[in-house]
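To keep things clear, I will list the structure first and then write my remarks on it.
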Amino acid sequence: MSELSSSAASGHAIETLQIEKRRYPPSPDFTKQANARPEIYGRAFDQFWSDESKRVTFFEPWTELYEWKPPYAKWYIGGKLNVCYNCVDRHVEHGLKDKVAYFWEGEPENDRRQITFGELQKDVVRLANALKKLGVKKGTHVGIYMGMIPELPAAMLACTRIGAPFTVVFGGFSAEALAGRMNDMQCELLITQDEGWRRGNRVPLKANADAAMQESPTVTRCLVVRRTGGDVAWTQGRDVWAHDVLKDVSDDPKECPCEPMDSEDLLYLLYTSGTTAKPKGIVHTTAGYLVGVATTHHYIFDVKPKSVYWCAADIGWVTGHSYIVFGPLANGTTGIVYEGTPDFPEKDRWWEIVERYKPDILYTAPTTIRTHMKWGPEYAEKHDLSSLRVLGTVGEPINPEAWVWYREHIGANRTPVVDTWWQTETGMILITPLPGITTLKPGSATKPFPTVDAAVYNEKGNEVPPGGGGYLVIRKPWPAMLRGVYGDPERYQQTYWDRWKDTYFVGDGARIDEDGDFWLLGRVDDVMNVSGHRISTIEVESALVSHPAVAEAAVAGRNDAQTGQAIVAFVTLKGGKEGSPQMLKDLRDHVGRVIGKFAAPANIVFTPELPKTRSGKIMRRLLRDVSENRPLGDTTTLADPAVVAEIAKRGKEEAAKEEA
Ligand code: PRX
């Protein structure tokens, strides 16, 4: 664990906290119509979650609100329900058959679909029947590796309809990363697509899936959706085209009823990076998760029955699971799903989408806002964005400049901006403004969501008073919280619960100001946050050392104006070899193959040696100083202080190259 003061983002954020004096109180008009009323903060814990559970339809009512035997929680004990029924069928039964569930915008121009709840039900029923035909039953584990096409949410819902737990692997992950996840979960079937579109290029999803399945012996069937129509390799007996199986199955919901699941049945696993090379399978279960995401979605985004809501994340990350698929659909909300990138074919693609579908709510990541900021406001100015009423951000600390730009240029200096803090593990948003109530401060996620008991602790586990920095903790359970790390109870205990008794250790630094508002200061562990993607330093290091030319590697995150953090790798080659531009490219490609392109280091500093303590531990703190171009801290514990001077020199050369 690195000390708090050296966490990559903290210096910047602390400075921000001291100088940021701008305040944005809610407008009276917004307040009048807001879903959240000030009394919400006074509602008692048990009553709150008991009342909010009415958003969800249970086939059999729960009998006990929750049980907390640290570190394990159960919620809505004894209840029976089905997530797909809640997200789709009940809306159709309640007369919303013709309401649009998703406006889907493909990346190629004029490639659009509009899917009503009635159509979504048919799609999901057919897909669920197809999965059954391929042997999927309640309890069968399914892998999903797809791009942002309508069949992705349909696949997730089809699994939940049958009671088959799934794991979605983001389409940017490599074959190796996909195989690792499917092996850990022991998936028996994989749903994928031929290829995806990205900036006009084809992403070879099926080819990656083929390579992954060679290493995943439990996977015996592969259901393939045709998206681009590109050629793909085929394994007879294993692979089936979705359009072939779908023709022969019924779309009648009565012929594929929603399986009643226990409140605590496994819903999905989502793998996320921790502080070792092996990603953790975060366990989410059924009832608490659904109540948590539906409730937060309702209050935080101020969603109305007529809302058109756009969360521009990828469904492969938790933001997409909770706030593109399960939360919004449980609330019967019309959503937008966009397949491609913001700059294809032009940099105004997003704003064209806003003008076309007129969303009133937009939810995205700071890194994307900074990208739009860099391109300039003229792209947004070309389009009518007046439908927007609420803006949201998630995934990393937002710098006040980006926050204010977002509000001014996208929100016409009128919309609230909700900076929402949460994690894959928390399942739902935990620290956030409530629009209509909260006075906003650019750069602050403001207050814990009602009932959430967040605090800032020092090293000893004492609460830090206002103004001080420390470790963010959560002291009471919440419905959508993780139920464990799949197959690894020890890691669950150690990572999150061992530090302070019965208290959830978040892994982020934070400060609370005089008004009780929270300022997130970035990670305090060896996890980097690059463009809102969570990547562990050790995962990248182990990818690098798996290259035959590499003797040793150490990785650190440095601040980056656009991506939040960028990855810097310090690499020693075998046989005392010097680095070369070719080697740099090879190593970046290699990390792309092992993890995914998004994890490839931005810079690689080749060095004859890494700075180590006398006991042989790599001093990452010094490497962070080097990569930030900061004066070097204490080097007296180094085995050979000359090493770090050499690295610093090389680091500067590398930085100068980049500037040039
Ligand atoms: O460091 C925090 C940062 O993202 C981490 C969680 O990453 P992940 O599990 O991938 O989930 C991202 C989407 C929910 C956190 O530990 N983070 C997330 N939201 C914020 C944030 N940091 C500051 N402000 C936020 N609003």
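Values in this text are rule-based calculations from the coordinates and carry no lab data. What you see is a predicted model, and the numbers here were worked out from it, not measured in a lab. Cβ: placed from backbone, ideal geometry, glycine included. Neighbour counts: every protein chain shown.
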Run the numbers on the chain and let me know its relative contact order in percent, using alpha-carbon pairs under 8 Å that are six or more apart. 14
Calculated from backbone phi, Karplus (6.51, -1.76, 1.60) coupling profile of segment 240-253 in Hz, x at Gly/Pro: 9, 6, 4, 5, 6, 5, 5, 5, 9, 10, 6, 10, 7, x
Excluding residues fewer than 8 places away in the same chain, name every one of the lysines whose C-alpha is closer than 30 Å to that of LYS132. LYS74, LYS80, LYS97, LYS99, LYS122, LYS206, LYS247, LYS254, LYS280
Modelled FRET efficiency - R0 56 Å, ALA551 with GLN236, Cβ distances, 0.05 increments: 0.80
Stretch gain in nm, segment GLU578-ASN413, where the contour uses 0.36 nm per residue and the Cα spacing is subtracted: 54.1 nm
16 Å tail of the calculated P(r), segment 547-659, as % of Cα pairs: 59
Can you give the relative contact order of segment 27-96 as a percent, counting alpha carbon pairs under 8 Å and 6+ residues apart? 22
List the aspartates and glutamates whose Cα lies under 14 Å from the Cα of LYS501, skipping any in the same chain that are fewer than 8 positions away. GLU459, GLU463
Any chance you could run the full-extension gain for GLN47 through ASP384? It's 0.36 nm times the residue separation minus the Cα-Cα distance, nm to one decimal. 117.1 nm
Distance between modelled label sites at THR275 and GLN33, nm, 7 Å Cα→Cβ extension: 4.8
If one computes the Cα centroid of segment 480-512 and of segment 520-575, what distance in Å separates the two points? 23
Between GLN114 and PHE59, what length in nm is gained on full extension when 0.36 nm per residue of separation is reduced by their alpha carbon distance? 16.8 nm
Could you work out how far the C-alpha centroid of segment 24-53 sits from that of segment 121-168, in angstrom? 35
Enumerate the lysines that LYS577 could reach by cross-link, defined here as Cα to Cα under 21 Å, with residues fewer than 8 away along the same chain left out. LYS585, LYS612, LYS649, LYS652, LYS657
Would you mind computing, in nm to one decimal, how far apart the modelled labels at LYS133 and LYS306 are, each placed 7 Å from Cα along Cα→Cβ? 4.2
Mind checking segment 64-147 for trypsin sites (Lys or Arg not before Pro) that DSSP puts in a loop (not H, G, I, E or B) and that have at most 15 other Cβ atoms within 10 Å? LYS97, LYS137, LYS138
From the backbone phi of segment 438-448, what are the Karplus-calculated ³J(HN,Hα) couplings (6.51 cos²θ - 1.76 cosθ + 1.60, θ = phi - 60°) in whole Hz, Gly and Pro given as x? 7, 7, 8, 10, x, x, 10, 7, 6, 10, x
Those residues of segment 533-559 whose amide nitrogen sits under 18 Å from the label point placed on ASP589, 7 Å along Cα→Cβ: 543-550
Förster radius 41 Å - calculated FRET efficiency between LYS358 and GLU93 (Cβ-Cβ, nearest 0.05): 0.90
Mean ellipticity per residue at 222 nm, deg cm²/dmol - from DSSP H runs of n ≥ 4 across the chain, formula -39500 (n - 2.57): -8000 deg cm²/dmol
